[in-house]
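Each remark here refers to the structure printed beneath this line.
The values are calculated or read from the model by the stated rules, or taken from the named source; none is laboratory data. Note that the structure is a prediction, hence the values are computed from the model and not measured. Ideal geometry is used to build each Cβ from the backbone, glycine not excepted, and the neighbour counts take in all protein chains shown. Surface areas here come from the heavy atoms of the whole protein model, side chains and all, with no ligands, DNA or RNA. Shrake-Rupley method; radii C 1.70, N 1.55, O 1.52, S 1.80 Å.
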Amino acid sequence: ERNSTLLFLIPADADDIKKQYDVLLDELKRYNPELLDKDKLVAVSKCDMLDDELKREMKQALDIDFEGIPYVFFSSIAQQGLMELKDTLWTRVGSGDRAVIGRRQPGFGRLTGERIDAIIVCNSFVCR
């Protein structure tokens with residue numbers, strides 16, 4: 001809650017990226033509506049699964065769906081888009097606020113976290 005930027009992590013193979021984003025926004029709204037006033041960035045993971053044509057089509061759709069909300073494509077496995085993601089986050093992060101990166105552990109319903117500057121990563125759970 002003491003962060004300046006919310007990073008929404010949504011996989012490229014999601015049935016509907018915008019719908020996943022809306023679900024995450026709804027979870028945040030129910031948890032703490034004030035979080036909706038923060039800067040937002042959507043990170044589309046697993047972009048290595050997309051060929052150039054599909055990625056181009058997705059970008060066209062996301063330009064409409066996320067008008068005014070920046071998004072980036074990246075793949076941890078293929079090491080694609082990581083610098084763009086880090087650079088985008090770096091420019092959006094405030095002056096040394098601290099927050100928790102949260103992620104759901106596979107097979108567990110609990111949240112693990114590590115401290116970094118001013119970002120909460122949301123991936124289908126309420127950020128706390």
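Under the rule a/c < 1.5 gives rounded, and otherwise a/b versus b/c splits prolate from oblate, where does segment 7-88 land using the Cα gyration tensor? Could you put the intermediate results ahead of the total?
On the way: a/c = 1.96, a/b = 1.61, b/c = 1.22.
Cα axes put segment 7-88 in the prolate bin.
Gain in length, ASP52 to ASN32, computed as 0.36 nm per residue apart minus the alpha-carbon separation, to one decimal in nm?
Working: separation 20, 0.36 × 20 = 7.20 nm, distance 3.82 nm.
Extra length from ASP52 to ASN32 when fully extended: 3.4 nm.
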- Message: If I model segment 33-73 as equal point scatterers sitting on the Cα atoms and use the Debye formula, what is log10 I(q)/I(0) at q = 0.13, 0.29 Å⁻¹?
- Response: -0.33, -1.05
- Between MET83 and GLU67, what is the label-to-label distance in nm when each label sits 7 Å out along the Cα-to-Cβ direction? 3.3 nm
- Message: Give me a comma-separated list of calculated 3J(HN,Hα) values for segment 67-75, in order, Karplus coefficients 6.51, -1.76, 1.60 applied at θ = phi - 60°, integers in Hz, x for any Gly or Pro.
- Response: 4, x, 10, x, 9, 9, 9, 8, 9
- Set LYS29/LYS86; LYS46/LYS86; LYS18/LYS46, cut-off 24 Å on Cα-Cα distance; pairs above it are LYS29/LYS86
- Roughly how many percent of the accessible protein surface of segment 1-79 is carbon and sulfur, given a 1.4 Å probe and a whole-percent answer? 45 percent
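Quick one: accessible area per residue over segment 1-79, 1.4 Å probe, rounded to a whole number of Å²?
For segment 1-79, the solvent-accessible area averages 59 Å² per residue.
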